[in-house]
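> Once you've had a glance at the structure underneath, I'll fire off some questions.
Derivation of every value follows stated rules applied to the coordinates shown; laboratory data play no part. Just so you know, these numbers come straight off a predicted model, no measurement behind them. Note that we place each Cβ from the backbone using ideal geometry, even for glycine, and neighbour counts take in every protein chain shown.
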């Protein structure tokens with residue numbers, strides 16, 4: 001619903017839209033073509049006066065956008081409308097040299113690299129903020145006990161800090177991927193008709209070097225008009241970021257269920273959960289994180305599919321990117337803004353966590369009992385004894401303590417006092433706090449080495 005005044009906020013942010021909407025995109029294309037003209041003037045490919053005039057006049061506010069639209073549609077060419085629009089502004093002499101020898105893909109691919117640079121900055125900034133919030137949660141709840149859940153069922157005691165620390169470590173890996181990919185993603189594209197720069201002769205390489213330098217982009221080792229792995233990789237990272245945030249959103253959604261009640265997204269006064277059930281506080285933001293993740297996966301899939309290119313240029317591949325790449329950037333920005341708000345304002349209920357840990361008969365403590373029995377009868381036999389007692393106890397509606405006490409075999413090896421200690425839900429959470437410490441120490445070391453930018 002891009003372009004909808006009512007719903008656009010769900011699928012992007014004003015910050016990223018300022019990069020991707022028509023006028024900013026056209027201005028970026030003009031900047032790219034102005035840089036091309038300047039570089040061509042410097043290496044002697046076009047008259048310096050023409051290059052200077054193009055640089056001065058390449059401003060979107062000077063264009064007749066209706067004319068550009070009409071010419072784009074009339075010619076069925078994605079750049080000729082812009083060229084003719086600029087010819088209306090430029091002198092006849094300068095107009096002859098505008099976009100000299102470059103193809104639309106040179107312009108659009110270079111634009112994608114510039115967008116990747118700006119969007120990467122947004123991603124890096126917001127991921128660092130999310131990481132900081134998760135690190136704070138992990139430290140605050142280092143020893144806050146809760147039940148782990150495996151296969152959707154209560155497992156054994158962990159801490160909420162452990163859960164938050166694992167999330168933070170995943171975010172840190174995304175930041176590392178973002179930093180490591182820069183040299184592959186942030187490069188210009190200037191190759192002309194088939195990528196070889198044949199029109200520019202022996203001035204091709206100096207032209208490419210100066211063009212990329214003027215735009216602040218790296219110089220690729222060769223043309224990438226038929227090699228779409230750069231955008232596919234960057235898009236894959238954006239999709240992975242949204243999946244992490246979708247996972248956290250889904251987890252909070254599950255923990256916010258009233259029958260669990262251990263965590264919740266922040267509530268905004270005035271937010272309405274239902275127009276028919278006035279009492280509801282729905283986890284709308286967490287739900288939407290999952291929705292955004294689904295859509296981002298789809299766009300990233302298009303970018304991967306676009307790697308299958310025929311020969312030296314294939315419009316079926318890179319024109320699909322024109323829809324998928326901006327769409328993915330918008331979805332990622334929305335996901336980051338939403339995920340950051342949820343995580344920074346997350347409401348945690350340690351009381352509910354403790355209550356759930358001791359609820360349903362305390363069976364989440366079975367590993368402790370098995371460990372104590374293992375020293376006396378061996379691990380496999382201990383597992384079987386606790387398993388049989390647990391299954392019988394569940395069927396009879398007994399607590400774990402009652403079920404173990406009802407087993408003659410268990411009572412042979414564990415006293416009543418030992419069972420009391422082992423089945424106390426307020427007992428230690430074993431290694432979870434230490435794992436939190438280890439993760440946070442590793443994150444602190446990595447964060448200390450972060451460069452100023454992304």
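> State the Cα centre-to-centre distance between the range 4-31 and the range 304-360 in whole Å.
18
> Whole angstrom only: what separates the Cα centroid of the range 163-205 from the Cα centroid of the range 376-454?
Result: 47 Å between the Cα centres.
> Rounded, prolate or oblate: which fits the range 10-95, taking a ≥ b ≥ c as square roots of the Cα gyration tensor eigenvalues, rounded meaning a/c under 1.5, else prolate when a/b beats b/c?
Working: a/c = 2.44, a/b = 1.51, b/c = 1.62.
Since a/c reaches 1.5 but b/c is at least a/b, the shape of the range 10-95 is classed as oblate.
> Which peptide among 135-142, 301-308 comes first, and what is the full order, when sorted by highest mean count of other Cβ atoms within 10 Å?
Numbers: 135-142: 19.5, 301-308: 17.2.
Ranking, from highest mean packing down: 135-142, 301-308.
> Give me the percent of DSSP beta bridges within the chain that run antiparallel, rounded to the nearest 5.
About 90 percent, rounded to the nearest 5.
> Next up: What does the highest-first list of 223-236, 170-183 look like by mean Cβ count within 10 Å?
With the highest mean Cβ count within 10 Å placed first, the list reads 223-236, 170-183.
> Ignoring everything except DSSP H segments at least 4 long, calculate the 222 nm mean residue ellipticity for the chain; use -39,500 (n - 2.57) per segment, divide by total residues, nearest 500.
On the way: 20 runs with 291 residues, N = 454.
Calculated at 222 nm, the ellipticity per residue is -21000 deg cm²/dmol.
> Report relative contact order for the range 359-422 in percent, whole number only (criteria: Cα-Cα under 8 Å, sequence separation at least 6).
Working: 57 pairs, mean separation 22.0, N = 64.
Rounded, it is 34 percent for the range 359-422.
> Rounded if a/c is under 1.5, else prolate if a/b beats b/c, else oblate: with a ≥ b ≥ c from the C-alpha gyration tensor eigenvalues square-rooted, which is the chain?
On the way: a/c = 3.40, a/b = 2.62, b/c = 1.30.
In terms of gyration-tensor shape, prolate.
> Something else about it: Can you tell me the 0 to 90 degree angle between the C-alpha axis of helix 80-89 and the longest principal axis of the chain, rounded to 10?
50
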